[in-house]
Amino acid sequence: MAQKIFTRHGRGPLLTPKDLPIEVDAVFNPGVAEVDGEVVLLLRIEDRTGISQIRVARSANGVDNWKIADKPLLEPDLPEFPFEEWGCEDARVTRTGPREWVIAYTAYSRYGPAVALATTSDFDSVTRLGVMLPPTNKDAAVFPQAFDGTQILLHRPVTGGQEHIWYACSSAGFSYWSQPGVLLADRGGPWWDGLRIGVGAPPIRTAEGWLLIYHGVKDMAGRPVYRLGLALLERDNPRRAIARASQWVFAPEADWEQRGLIPNVVYTCGALVRGDEVWMYYGAADTVIGLARATLSDLLAFVREHNFLDRVGPEKGTGP
């Protein structure tokens with residue numbers, strides 16, 4: 001039997017639509033931060049119009065007794081931000097200072113999904129920076145530090161019908177992004193990540209490099225199956241992948257991951273490192289939220305043991 005790297009918390013979802021103070025269709029794909037001893041989730045909530053908003057939930061232990069905000073943190077109600085008219089989706093949170101976090105999220109409109117950024121100091125309010133990368137683009141995350149004065153953003157544009165993980169760079173804060181390149185490509189064919197891939201949780205700093213949890217999609221009998229995999233990026237230049245696991249590390253296996261609005265989906269936007277444990281919060285079947293835990297040492301061992309790059313050499317298109 002294959003080794004289980006991640007262990008699910010409990011026997012069911014962590015949060016469901018019934019846990020929300022408003023009537024909603026789904027709650028899923030949360031970003032996560034740890035603030036003043038509390039775990040803060042940025043919930044993606046889809047109401048019965050079909051439009052998504054981002055709302056904050058707080059818990060002292062990161063497991064239960066969630067206090068959900070009375071109003072959204074990000075919602076498509078501002079006329080000066082027309083590229084959010086159809087929703088704010090899939091927030092990924094990066095701490096960039098003692099009291100500063102950058103939120104990368106998908107701004108969805110009639111023109112398609114685009115990458116937008118906002119900043120916050122308290123998760124009670126945000127300062128929108130606006131759309132950074134135009135449609136069609138999503139799955140963005142910012143690194144928590146600069147590299148020789150350069151900020152790096154990971155994202156997933158659609159280019160020629162292909163959906164790979166790219167990077168972009170900025171030497172002027174978070175508002176001007178250029179110098180793009182491909183970080184990881186989908187593997188094509190029958191691979192578990194052969195159809196398309198995208199960033200999961202923001203990269204995790206380790207002594208061996210930046211651990212990236214990413215999602216991969218395979219088409220099975222005309223239906224997509226979303227699983228999660230691992231890659232390791234160079235510590236001082238994360239535009240280069242130094243390891244990438246050939247096998248997926250987490251897949252939809254529980255009933256509530258296989259059945260829902262979009263069956264057979266596990267999709268993460270955020271993970272916390274707590275001691276040697278990684279707490280990964282994830283959306284299941286685009287309907288509910290789950291929590292799974294793994295040790296950081298096991299995740300690093302997994303990506304080393306199953307390193308695809310040992311067999312095929314560096315990724316084609318890997319950065320400088």
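Read-outs: derived from the displayed coordinates by stated rules, not from any lab. If you're wondering where the values come from, they're calculated on a predicted model, not measured in any experiment. Cβ sites come from the backbone with ideal geometry, for glycine too, and all protein chains shown count toward neighbours.
Annotations for the structure displayed:
- Gain on full extension, evaluated as 0.36 nm per residue between Thr119 and Ile22 minus their Cα-Cα distance, stands at 32.3 nm.
- Reachable lysines from Lys138, criterion Cα separation under 22 angstrom, eight or more residues apart if same chain: Lys218, Lys316
- Within the shell of other residues whose beta carbon sits under 9 angstrom from the beta carbon of Gly200, the net charge comes to 0, with Lys and Arg scored +1 and Asp and Glu -1.
- Gyration tensor verdict on the range 28-178 (Cα atoms; rounded if a/c is under 1.5, prolate if a/b is larger than b/c, oblate otherwise): oblate
- Contact order normalised by residue count of the chain, Cα under 8 Å, 6+ apart, percent: 16
- For Lys18, the aspartates and glutamates whose Cα comes closer than 19 Å to its Cα, not counting residues fewer than 8 places off in the same chain, are Glu46, Asp47, Asp64, Asp70, Asp255, Glu257, Asp286.
- Using 0.36 nm per residue and subtracting the Cα-Cα separation, the extra length available between Asp64 and Thr49 on full extension is 2.6 nm.
- The range 208-320: relative contact order in percent, alpha carbon pairs under 8 Å with at least 6 residues between: 23
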